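A.B. asks: Handing you this structure, nothing more for now.
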Amino acid sequence: MTDGSTSAIGADDRLSLAFLGDPNSIHLRRWVSYFAGRGHRVTLLVPRAKVVEPGLPATVAVEPFTHFATGRRVTPASLLRGRRSVRRAVARVHPDILNAHFLTVHGWNAWMSGFHPYVVTLWGSDVLLHPKESHVAAFLARIALRAADMVMVNSGMLMRGALAAGASPERTEMFQFGVDLTQFTPGPDPAALRARLGLQGRRVIFSPRGITPLYRHGVVIEALPRMPSDVVVLMSRFRAQPDELTRIERKAEALGLSDRVVMVPEIEHAEMPDFYRLADVVVSVPASDSTAVTNLEALACGRPIVAADLPSVREWLGELDNAVLVPVDDVEATAAALRQVLDQRPEIKAERGLRARSIVVERADQARSLARVESLYLDLVRRRARNGGEVR
């Protein structure tokens with residue numbers, strides 16, 4: 001199968017796929033669930049100390065190995081021990097393809113495994129930020145990318161970052177994680193959810209990104225006093241960085257906004273579409289970004305977005321409305337863009353919502369996106385078979 005079709009695959013095309021990454025990430029879980037559902041044998045390689053949360057498909061196996069770092073310490077002895085352990089784990093699984101999700105640590109482990117073919121799927125900060133933060137990270141990024149049999153990126157900006165960091169142009173492919181268009185759809189206001197959160201009669205700015213310094217939630221909090229009093233900000237504490245969460249809560253309290261900042265615990269993935277439908281506007285203003293799945297989900301639900309004016313974001317939102325793209329860390333511009341969206345006439349919102357969804361349908365349908373990845377996997381395996389174990 002090489003045409004991106006989602007039709008059934010034959011027994012000869014079923015692969016053994018091993019993955020390195022965060023086993024609790026919803027994005028990696030969607031990925032492995034798709035391939036397990038297609039009949040491939042799927043294994044997650046997981047450090048022994050990592051707790052794997054419930055919810056993985058029953059057919060996805062977990063293979064433990066010893067990570068090269070003990071806490072935050074990395075020593076020559078721990079590197080050798082980790083290298084030996086990941087090699088043994090990969091040998092036990094004996095995959096057709098090893099796919100590392102996130103270059104930092106996971107891509108390094110793929111390289112240390114000595115296995116080929118291996119694929120590195122980049123997520124954003126792993127190549128846009130981390131290699132700039134230390135010489136060691138830059139060195140490991142370069143050797144892991146150079147040795148990879150395929151590197152996957154989801155934006156032009158990430159492509160440029162990957163090539164600058166050491167990826168081969170001939171082995172770098174554009175893809176999208178995609179959105180489940182049967183789940184993320186426009187819909188009526190979720191009255192039950194609104195009542196549960198006590199948001200009746202309030203207009204909602206939904207900030208779905210994780211609460212870490214990268215995502216600049218403080219900018220949104222500082223913009224809130226410039227909004228009418230019926231406007232609230234909604235965000236989730238799930239996996240929030242404790243220090244940053246405390247900083248955000250104290251900022252809201254200092255500004256007298258505690259009653260206008262609504263914090264919820266973990267949002268179940270199945271409930272995310274209703275959180276988008278609840279929102280009058282979705283906001284995402286990080287300091288750095290690639291193609292954010294949350295942005296695509298919001299667009300698929302027909303919701304307006306105010307976002308940081310970054311090259312990867314402009315690739316998706318530039319054709320909708322440049323006024324919703326704001327400079328990083330610009331509180332005044334963020335407030336003005338949010339007010340502009342909140343004040344839009346209903347017919348304009350409806351028309352832009354239809355255009356937003358059409359962009360995702362055309363460019364980020366999860367079924368088509370992952371079917372293309374499946375085709376790329378199969379092509380790698382076939383080239384390896386044709387070339388006597390080489391895929392280059």
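A.B. asks: Please indicate, with yes or no, whether at least one residue in the range 377-386 is among the small types (Gly, Ala, Ser), surrounded by fewer than 21 Cβ atoms within 10 Å (Cβ to Cβ), over 23 Å from the mean Cα position of the chain (by Cα) and not in a helix (DSSP H, G or I). Working first, answer last.
C.D. replies: From the range 377-386, those among the small types (Gly, Ala, Ser) are 385; that's our starting set.
Among the residues that remain, those that are also surrounded by fewer than 21 Cβ atoms within 10 Å (Cβ to Cβ) are: 385.
Those still in the list that are over 23 Å from the mean Cα position of the chain (by Cα) too: 385.
Subset that is not in a helix (DSSP H, G or I): none.
No: the range 377-386 contains no residue that is among the small types (Gly, Ala, Ser), surrounded by fewer than 21 Cβ atoms within 10 Å (Cβ to Cβ), over 23 Å from the mean Cα position of the chain (by Cα) and not in a helix (DSSP H, G or I).
A.B. asks: Go over the candidates Ala270, Ala300, Ala367 one by one and state the one that is surrounded by 23 or more Cβ atoms within 10 Å (Cβ to Cβ) and within 30 Å of Gly55 (Cα to Cα).
C.D. replies: Sole residue among the options that is surrounded by 23 or more Cβ atoms within 10 Å (Cβ to Cβ) and within 30 Å of Gly55 (Cα to Cα): Ala300.
A.B. asks: Please indicate, with yes or no, whether at least one residue in the range 245-264 is within 18 Å of the chain's Cα centre (by Cα) and at pLDDT 95 or above.
C.D. replies: no
A.B. asks: To continue, here is another question. Just to be sure before I move on: is Leu325 within 30 Å of Asp96 (Cβ to Cβ) and either among the aliphatic types (A, V, I, L, M) or in contact (Cβ under 8 Å) with a residue 24 or more places away in the chain (or both) in the structure I sent?
C.D. replies: Spelling it out, it is not the case that Leu325 is within 30 Å of Asp96 (Cβ to Cβ) and either among the aliphatic types (A, V, I, L, M) or in contact (Cβ under 8 Å) with a residue 24 or more places away in the chain (or both).
A.B. asks: So which of Ala110, Ala89 is of a type in the set (A, V, I, L, M, F, W, C) and buried (at least 24 other Cβ atoms within 10 Å of the Cβ)? Working first, answer last.
C.D. replies: On the way: Ala89 fails: buried (at least 24 other Cβ atoms within 10 Å of the Cβ).
Exactly one of Ala110, Ala89 is of a type in the set (A, V, I, L, M, F, W, C) and buried (at least 24 other Cβ atoms within 10 Å of the Cβ), namely Ala110.
A.B. asks: Quick one: which strands (runs of 3 or more DSSP E) lie wholly within the range 116-194 and hold at least 1 residues that are free of Cβ contacts under 8 Å to residues at least 24 places away in the same chain?
C.D. replies: Answer list for the range 116-194: 172-174.
A.B. asks: Shifting gears a bit: Please count how many residues of the range 130-176 are closer than 23 Å to Gly114 by Cβ, of a type in the set (Gly, Ala, Ser) and under 21 Å from the mean Cα position of the chain (by Cα).
C.D. replies: 7
The values are calculated or read from the model by the stated rules, or taken from the named source; none is laboratory data. Everything quoted here is computed from the prediction, not taken from an experiment. Note that we place each Cβ from the backbone using ideal geometry, even for glycine, and neighbour counts take in every protein chain shown.
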